[in-house]
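Structure first, commentary second.
The values are calculated or read from the model by the stated rules, or taken from the named source; none is laboratory data. Just so it is clear, the model here is predicted, and its values are computed rather than measured. We place every Cβ from the backbone using ideal geometry, glycine too, and count neighbours over all the protein chains shown.
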Amino acid sequence: MQINKKGFLLGEYTLKVIIAVLVLLLLFYLLFVLYGSFQDNQEREQAKSTLEEIAIKMELAKNSPQKIVLLNPKRELSYWNKGEKRPVNCENNCLCFCFDSIYSHEDMFGNSKISDCDDAICKNFNEKVIIEQGSLRPVVEISIKYNEGYIISEVENE
């Protein structure tokens, strides 16, 4: 009686190919996760530096109106003032870039405003801060004015 060894080798080869494909899929998944983590950290650093730049312009706005272009991060910039439900790291009046946001109410100008934001990069201010459009998305040029608080609005390009 002869044993057919071709079928036995085919099964062994198939098992090796399946394991190799699974290992490659796992490696691609790990690379994707690492890349996403790197991008998220980079975006958070961009948010911090952008808020610092805005804070400098806000101080200068006490003397004369200022303009700045928001380039990064690709998140919405929103504001919270005393008495509003706000992110954990927002103490009183602040500007924040939210990394998880739910839009659920309108501000006093009738614009949608982020209401729930647990994961945010924020900068706190002593004076009241208002974004006239409710929130701003980069890339946009904004003007900063001071009148008993900071008023931020999008610059109309003609």
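Some notes on this structure:
- Qualifying residue in the stretch 13-23 (condition: among the hydroxyl-bearing types (Ser, Thr, Tyr), on the phi < 0 side of the Ramachandran plot and within 25 Å of the chain's Cα centre (by Cα)): no
- The numbered conditions (1) modelled with pLDDT under 85; (2) over 21 Å from CYS117 (Cβ atoms); (3) of a type outside the set (Gly, Ala, Ser) are all true for VAL69 except (1).
- Where a residue in the stretch 116-132 is touching a residue at least 40 places away in the same chain (Cβ under 8 Å) and closer than 15 Å to ILE151 by Cα and its partner, wherever it lies, is small (Gly, Ala, Ser) and part of a strand (DSSP E or B), with Cβ under 8 Å and at least six apart: ILE131/SER78; ILE131/SER153
- Top-ranked residue of the stretch 75-84 - restricted to ones that are surrounded by 13 or more Cβ atoms within 10 Å (Cβ to Cβ) and not aliphatic (A, V, I, L, M), ranked as nearest to GLY149 (Cα to Cα): ASN81
- Check on GLN46, under 22 Å from VAL140 (Cβ atoms) and at pLDDT below 85: no
- Residue within the stretch 137-152 that is at pLDDT below 80 and touching an Asp or Glu at 6+ places or on another chain (Cβ under 8 Å) present: yes
- Restricting the stretch 85-102 to residues that are surrounded by 15 or more Cβ atoms within 10 Å (Cβ to Cβ) and at pLDDT below 75, the residue that is farthest from the chain's Cα centre (by Cα): ARG86
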